[in-house]
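One structure below.
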Amino acid sequence: MNLLDKEYAKKEIINLLGDNANNERIKNELALLNDKNYIEILLAKMITDYLNNHNEYYYVRGVYPNLYINYLLGITKIDPTNNNNTLLPYELLFEGSNKDSFRYEINVSINIKDKLLNYLNELVNNTLVMGYYYDDDGNKLEIDYKCLIPLNNDDDLSVNYWKIDESNYVEMNIYGFKECDDINYFINKYGYPKYGIFSDKRINNEIFNTNHIYGTLSESKIFNNILKSVSEDNRSFDTYVSMLGAVSGTNILDYFEDKKIDSKMIHDYPTSREKIYELCMELGKSHEDAIRIAILSKKRISEYDKYYDEWTKLVEGLPEYLIEYLYKIKYVFSLAHLINGAEFDYLEMYYKLTAPDYYEVKLGKYLKIFNKLDKEEIELLTDDLINNHNSNYDNNLRLYLEYKNRA
């Protein structure tokens, strides 16, 4: 078994898909794959199988859940054909800087990352290397999440990562996050929620409360203020996904900050590529044009003249407010990426409400540090939070204050 053999990888993927290989969407996706993509998909399948077999909660970042093949193979967890009536078009994955290579990005716990890398290295016959680059002083610095697997034994790896020929490598980006360690701890100890937490009114109330967002992957003072501005009847999981897109993208936040956020605003100002696609379709654009507009929305149209003529023609007939909004955007995330982040945050809130040791686990060493401070020292630190720069210390102090208030 040679996982880096293109013919073997292709045959294996088709075999794993079984009868699903005859699905119309799957056939369309397969028609767009190059030989190297089959190797990348197969390795992603092996990696995620390993994580699932070890009961590891993880998620695949970016636009990769748009590929139905990934869902059917168990690599990703979002069904792109049945995502709350919002289609996740696979075409978005085959455009942009990574259209020739699938650089999977996977969030895992720090605790399992090294074991996973060792497993991946064994799969590829000990050829795995970590990407690196040189700083301005000539120091060699490892990029600890970039896993590179050469497709040819004679490839020269003694080059700057940013200069390698990506056609000669398979790249997997594996990120270790403490937050994933915490979630896996809670899942292993208390079990995965046995009901639909994403429609739980108690969790919705908790997650939109400006005082109780701290401790999640998405914590920030700005995000708290945005959530606080959402009207009561719109405080839902879907709205949270949209607001996560507003604070994660570039030049989107200005349209939501210091405003009362209602259903019309959420609809009229889409904060993900897929929602841009959906709105353009709703406004009469063809599938192809709506896809292209969604793709160009992450290409900084206002800064690159080479797209301007194409852009101008594509957006003809759209409302002026929408043209202006899309023109100013410098980057917008995929909907699947935002959904994964939101699901993680809702899980976090679930355990905050149900796990007796939640604060002890989240705060770790900081709990002992803060417990040693007297009331006056805590008050001084609390005053300093007004100038919060979102450091770990500040966020842990916020979480500690919440813990003390709830005790």
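The values are calculated or read from the model by the stated rules, or taken from the named source; none is laboratory data. None of these values were measured; they are calculated from a predicted model. Don't worry about glycine lacking a Cβ; one is built from the backbone with ideal geometry, like all the others, and counts go over all protein chains shown.
Structure data summary
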read-out: Any pair with Cβ under 6 angstrom, 6 or more apart, that starts in region 184-197 at a residue that is farther than 17 Å from ASN107 by Cβ and ends at one that is part of a loop (DSSP other than H, G, I, E, B); value: TYR190/ALA355
read-out: LYS362 vs. criteria in contact with a Gly (Cβ under 9 Å, 6 or more places away or on another chain) and closer than 20 Å to ASP254 by Cβ; value: no
read-out: Residue match in region 310-318 (condition: in contact with a Phe, Trp or Tyr (Cβ under 9 Å, 6 or more places away or on another chain), in a loop (DSSP other than H, G, I, E, B) and closer than 29 Å to LYS221 by Cα); value: no
read-out: Breaking point among (1) aliphatic (A, V, I, L, M); (2) part of a loop (DSSP other than H, G, I, E, B); (3) free of Cβ contacts under 8 Å to residues at least 40 places away in the same chain, for LEU88; value: (3)
read-out: Residue selected from region 1-21 under the condition among the polar types (S, T, N, Q) and at pLDDT 95 or above, by the criterion surrounded by the fewest Cβ atoms within 10 Å (Cβ to Cβ); value: ASN15
read-out: Members of region 327-363 found to be over 20 Å from the mean Cα position of the chain (by Cα) and β-branched (Val, Ile, Thr), listed by number; value: THR354, VAL361
read-out: Residue within region 97-116 that is crowded, with 19+ Cβ neighbours inside 10 Å, more than 18 Å from the chain's Cα centre (by Cα) and modelled with pLDDT of 85 or more present; value: yes
read-out: Candidates LEU67, LEU73 - the one that is at pLDDT 90 or above, buried (at least 23 other Cβ atoms within 10 Å of the Cβ) and farther than 21 Å from LEU244 by Cβ; value: LEU67
read-out: Residue, surrounded by the fewest Cβ atoms within 10 Å (Cβ to Cβ), within region 161-198, restricted to residues that are acidic (Asp, Glu) and within 21 Å of ASN121 (Cα to Cα); value: ASP165
read-out: Helices (runs of 4 or more DSSP H) within region 321-382 that include 3 or more residues charged (D, E, K, R), closer than 30 Å to PRO193 by Cα and touching a residue at least 40 places away in the same chain (Cβ under 8 Å); value: 335-354
read-out: Condition check for TYR393: touching a strand residue (DSSP E or B) at 6+ places or on another chain (Cβ under 9 Å) and modelled with pLDDT under 90; value: no
